[in-house]
């Protein structure tokens, strides 16, 4: 504990020296969330980054999130504790593939999930998050065909919720959410018969069909805290336990292991550590660097997303 406290003290001192803000996603380790100035999902953190007025943003999340923060803050320094903190959804879709689709289907509106590279964002018409995806799709005229990318489960959920038949859905998937199994959720419900089920829309359809609530990471937290039940089965990354137990210490939360790792942790999100956070604030590296052209082109679909309430 003394060694950890020493690192925490270093980080807090560096934050003051650098006029920095620490942004952390809900899927980060608890000790990082404890230090963060703001904890949120992708949409909340994008808005927080946009409104920041200091010098340095230390983004404790994955690369695509830090890229979004850089697009919104082109003159500020944005650092990420570990540049290998990637995302399977980002890997499933390239800018070249989007351009090829556009060439074949120039009439389609490209709606990209925020879990994409900045290059894919630059090829998109508008972005969305799991929190606002249904609203984003509903904001597009019904006669316009849509390419929704890259998450197949979120895309199918949005299609179901909007009744939008003219949607082409990419075939990407999250390595955490997509490998939650309905049979494991069935077992968890048998073990905790009084528990309500909250699920992220990146989960497979058969898991979502068993949920009492479907929503983004922050929406899940809000619902679990405010709903009247005392027990919840939470079908998302287990980093949300930190906020759930802080906001509702009298309630009990259960997490179902997925098929990949027999856990419910994102290996990319967990690459960030206190030591790496200290080091990136010390050396201001790894630093997110983007070309002026990419920033200009990606900014428009990002701002369009942020404008939809």
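The values are calculated or read from the model by the stated rules, or taken from the named source; none is laboratory data. Fair warning: this is a prediction, and the values are worked out from it, not measured in the lab. Glycine gets a Cβ as well: all are built from the backbone with ideal geometry, and neighbour counts include every protein chain shown.
Values for this structure:
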| item | result |
| --- | --- |
| Residue list for the stretch 91-132, restricted to those being surrounded by fewer than 23 Cβ atoms within 10 Å (Cβ to Cβ) and assigned to a helix (DSSP H, G or I) | 91, 95, 96, 97, 99, 100, 101, 102, 103, 104, 119 |
| Strands (runs of 3 or more DSSP E) wholly inside the stretch 1-73 that include at least 3 residues being in contact with a helix residue (DSSP H, G or I) (Cβ under 6 Å, 6 or more places away or on another chain) and closer than 24 Å to residue 297 by Cα | 56-60 |
| Selection status of residue 264, buried (at least 16 other Cβ atoms within 10 Å of the Cβ), under 21 Å from residue 69 (Cβ atoms) and under 20 Å from the mean Cα position of the chain (by Cα) | no |
| The stretch 48-90, residues that are surrounded by fewer than 21 Cβ atoms within 10 Å (Cβ to Cβ), in contact (Cβ under 8 Å) with a residue 60 or more places away in the chain and over 13 Å from the mean Cα position of the chain (by Cα) | 50, 74, 77, 82, 83, 84 |
| Residue check, residue 243 outside the structural domain of residue 133 (by TED's automatic domain parsing), under 15 Å from residue 40 (Cβ atoms) and more than 15 Å from the chain's Cα centre (by Cα) | yes |
| Check on residue 119, farther than 29 Å from residue 12 by Cβ, out of contact with any strand residue (DSSP E or B) (no Cβ under 6 Å at 6 or more places or on another chain) and in contact (Cβ under 8 Å) with a residue 24 or more places away in the chain | yes |
| Close pairs from the stretch 162-177: first outside any strand (DSSP E or B), partner surrounded by fewer than 18 Cβ atoms within 10 Å (Cβ to Cβ), Cβ under 6 Å, at least 6 apart | 162/138; 166/145; 175/260 |
